[in-house]
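Have a look at the structure below, then the notes.
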Amino acid sequence: MEPMKQPTRDSNRGAPEIPSDQPETSSRVVPLRPERRKLPRSWETPPAPVPPPHLDDYQAIVGAAEIEELRFLARELQGKTVKMVSSTAVGGGVAEMLNRLVPLLSELEVATHWDVITGGNDFFEVTKAFHNALHGSDYELTRQAQEIFLMYNEQNRQRMQFPEDVVVIHDPQPAALIRARQGKSRWAWRCHIDLSNPHPQVWGFLRPFIEQYDAAIFSSQSFARQLPIPQYLVYPCIDPLSEKNRELEDSAVQKVCDEFGINRRRPIVTQVSRFDRLKDPVGVVQAFKLARKYVDCQLVLAGGGASDDPEGATVLKEVQEAAGNDPDIIILDLPPWCALEINALQRASTLVVQKSIKEGFGLTVTEALWKGKPTIAGAVGGIPNQIVHKLTGVLVHSVEGCAYQVRYLLTHPEFAAQLGRNGHEHVKENFLMTTNVRRWLLLIQILLRGAQA
Amino acid sequence: MTSATVPTLQRTPAKPFYFNTSAHLLRITRQRANTLSELLDALRECPDDSIFQHTFRTLQEHHFLREGFSNDFAHWALSACNEPSLAERLASVDVREFTSVPELRDRFIQILEKYLQRNLEAARRRADETFYFCASDTVVVPTGIVAHTMHEFAEGLRRVSVHSIHHHFIEARLRLKLMSNDFSQWLHEDVGLTETARALNRIDIYTATLEDVRGQIVRVVERALT
């Protein structure tokens, strides 16, 4: 078994960015119309990692006062130490978020270390199964699975040290590390997954560990459980300076559209998400076809996950069949490093759709709102936290509802523009990395107050 | 009265104004509602911090909206329960008319009780989405900006974040237990500008964004300077 590399602060600053909603896969473009789909050079290899930004870099976006407030909030915590523990240093939303959060907290002189647990394939197979079961999938929890889980947690407990004032354990994989707790240190469990309908046996196994923490942190109110410890809400966030969200020159947007054969002179409706039935891409195609009876538009379905995920490939095939030979439906199966291309596609869009049937928080919605795009999304998971119906976007519950909103927003551009403006402000206030830093500073203060009490 | 004779520019406030701000973390509580009847029960039982969160705080979280958003209870009554008449009544509750959270809680309970007495079926009808009660844990922090003069006060108003404006202008009445705000109190008590203080209290927070409110406050203060 190969131990995973432990990130240091320097390595954090240079970690590669991985799109949050897409697993790592090899790239390809669905050759629906090969004459219009040239493989852009930028796809062939992942771009070089970009060092993460410093606090002052955010000033132009959120204002000097916001940054100054973070410094004041952090002042109380100077000299305190924090440890974050997760199960992976690269790939996925948690690592992506920690790659930005840890350097920013350290820059604020709240010394923050990030450790990654180690484990063999057997451990990660068990924790992957736990992950799916906690999302509600069927699973039979065996004694062997429990032993594997506990054995690796114990190995990590013996290997690691926890002298910090605050320890934050991310997700279920390292949850049993709470047994290492000593002295007055405060421990919080940060759950990034949807626990609204967990597998009872798996949750019953994990729950006694979770109850030993001082607090639990969830991404949505609906994910919280009945627990005897305080439960806090910390929304996931996006980084406005990342490759996926930073401002782009119009020429860069145009270049990507040209590469994919997208006509910017006609309205563009886009859904960005992996090819997964829970994202209902077939429903999006159906809604598009209903809407286009009355309004001219193109549909872009940009996602990944079809190359190495058998189910993703099946869903992609279903989407292609639903699309038929329609020249206005452009399906793109993108590799995970195409953050810039996703950014450009979102910015080129007239409307963005996220017609999910089940969703975690829905960071693709956050990304679209940040870019000021009128957004139509399924009222599931964390999406209603982001979309206040008819104020920051529109919520839909059906293919027909989605089709109607596409028609309405394309024919009422002033209303659509107002939604886009409000959505941008909503993200600026509540779902940016700087707000995330603010929430963590608060949480650390509140946890330490509990220690004093 | 010296306030009538000494020009505003030359006045020295009796005390400086310290600009603070408050930062809030959302705590998820045990209460939740799937019907209006459950909402009423939870409104009676939830901690004061929850009432604060779903009224004062949510207004701050949505400070960029000019219309259509007042408090989370009204929003839920409309979007999840499809009860526009009730939503309208709940939305009409103006947080500035309350100087304590228990009074504010009583007002929501009264509105809901009255509505459900006349609409028995609405009480039990299942909502499209659950209402999760949250509460706000608050930490007050200084901004480092202090006004010793009216000029510095105007400058501070321009510089601080909208969170600080919300802290002093909207949340303040819960601390002061007065139908007022920190800015007006300071202008009245420490600067002697009673009319300016009153003018600030007339600014409508429900039809303007918090940035607009800041702009209006600055204009009123600047008028007093000229």
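Some values worked out for this structure:
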| read-out | value |
| --- | --- |
| Rounded if a/c under 1.5, otherwise prolate or oblate - segment A:109-230, Cα gyration tensor axes | oblate |
| Mean projection area, nm², convex hull over Cα of segment A:322-453 | 10.4 |
| Extension gain from A:ASP296 to A:GLN212, taking 0.36 nm per residue of separation minus the Cα-Cα distance | 24.5 nm |
| Nearest-0.05 FRET efficiency for A:HIS397 and A:ARG71, computed from C-beta distance (R0 30 Å) | 0.10 |
| Residue mean of other protein chain beta carbons inside 10 Å, B:78-87 | 1 |
| Theoretical ellipticity at 222 nm over the protein assembly as shown - DSSP helices of four or more residues, -39500 (n - 2.57) apiece, nearest 500 | -13000 deg cm²/dmol |
| Sorted by Cβ neighbour density within 10 Å, fewest at the top, the residues B:TYR18, A:TYR232, B:TYR115 | B:TYR18, B:TYR115, A:TYR232 |
| Residue-by-residue Karplus 3J(HN,Hα) for segment B:74-79, coefficients 6.51, -1.76, 1.60, Hz, glycine and proline x | 5, 5, 5, 4, 7, 6 |
| Volume per residue of the C-alpha convex hull in segment A:125-182, rounded to whole Å³ | 81 |
| For A:386-392, mean number of other protein chain Cβ atoms within 10 Å | 4 |
| Relative contact order, percent, chain B [alpha-carbon distance under 8 Å, six or more residues apart] | 34 |
| Centroid-to-centroid separation of segment B:157-226 and segment A:152-172 [C-alpha atoms, Å] | 48 |
| For residues of A:218-224, the mean tally of beta carbons on other chains within 10 Å | 4 |
| Listed residue (B:VAL220, B:LEU193, B:LEU174) projecting farthest to the positive dipole end of chain B, Cβ model | B:LEU193 |
| Alpha-carbon Rg with Dmax, taken over segment A:285-387, Å | 13.9, 38 |
| Segment B:12-22 - phi-based ³J(HN,Hα) in whole Hz, Karplus 6.51/-1.76/1.60, Gly and Pro as x | 9, x, 4, 9, x, 9, 9, 7, 10, 8, 10 |
| Distance cut-off 14 Å, percentage of C-alpha pairs in segment A:403-446 lying past it | 63 |
| Convex hull per residue volume in Å³, alpha carbons only, for segment B:97-145 | 142 |
| From phi via Karplus (6.51, -1.76, 1.60), per-residue ³J(HN,Hα) for segment B:47-57 in Hz, x at Gly/Pro | x, 4, 4, 6, 4, 4, 4, 7, 10, 4, 5 |
| Surface/4 of the Cα convex hull for segment B:13-60, nm² | 5.2 |
| Percent RCO, i.e. relative contact order, over chain A, from Cα pairs under 8 Å lying at least 6 residues apart | 18 |
| For segment A:264-343, alpha-carbon Rg over 2.2 N^0.38 Å | 1.07 |
| Burial ordering of A:TYR235, A:TYR213, B:TYR206, A:TYR294, fewest other beta-carbon atoms within 10 Å first | A:TYR294, B:TYR206, A:TYR235, A:TYR213 |
| Amide H contacts of A:GLN298 (H built 1.01 Å from N, under 5 Å, at least 5 apart or other chain) | A:ILE268, A:VAL269 |
| Peptide ranges B:26-38, A:407-419 listed from the most packed, as the mean C-beta count within 10 angstrom indicates | B:26-38, A:407-419 |
| Per principal axis, descending, Cα span of the protein assembly as shown in whole Å | 83, 65, 56 |
| Exposure proxy order (Cβ contacts within 10 Å, fewest to most) of A:PHE205, B:PHE153 | A:PHE205, B:PHE153 |
| Taking the C-alpha atoms of segment A:60-140, convex hull volume expressed per residue in Å³ | 138 |
| Under-5 Å amide H pairs with A:ALA216, H placed in peptide plane, nonlocal only | A:TRP189, A:GLN231, A:TYR232 |
| Counting DSSP beta bridges with both ends in the protein assembly as shown, the antiparallel % (nearest 5) | 30 |
| Proximal aspartates and glutamates relative to A:LYS355, as straight alpha-carbon distance under 12 Å, when same-chain residues fewer than 8 apart are discounted | A:ASP276, A:ASP280, A:GLU400 |
| Per-peptide average of other Cβ atoms within 10 Å, ordering A:366-378, A:253-265, A:323-335 highest first | A:366-378, A:323-335, A:253-265 |
| Two-site FRET efficiency, B:ASP94 against B:ARG223, from Cβ-Cβ distance with R₀ of 25 Å, rounded to 0.05 | 0.50 |
| Alpha-carbon radius of gyration plus Dmax, which is the widest Cα pair, for chain B in Å | 19.7, 64 |
| Nonlocal amide H pairs with A:ARG274, under 5 Å, H built at 1.01 Å | A:GLY304 |
| Separation in nanometres of the label points that stand 7 Å from Cα toward Cβ, at A:LYS128 and A:ARG181 | 3.1 |
| Packing rank of A:268-278, A:187-197, A:119-129, where each peptide gets the mean count of other beta carbons within 10 Å, highest leading | A:268-278, A:187-197, A:119-129 |
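Each value in this text was obtained by applying a stated rule to the coordinates, not by laboratory testing. Note that this is a predicted model, so its numbers are computed, not measured. Methodologically, a virtual Cβ is constructed for each residue, glycine included, from the backbone with ideal geometry; neighbour enumeration extends over all protein chains shown.
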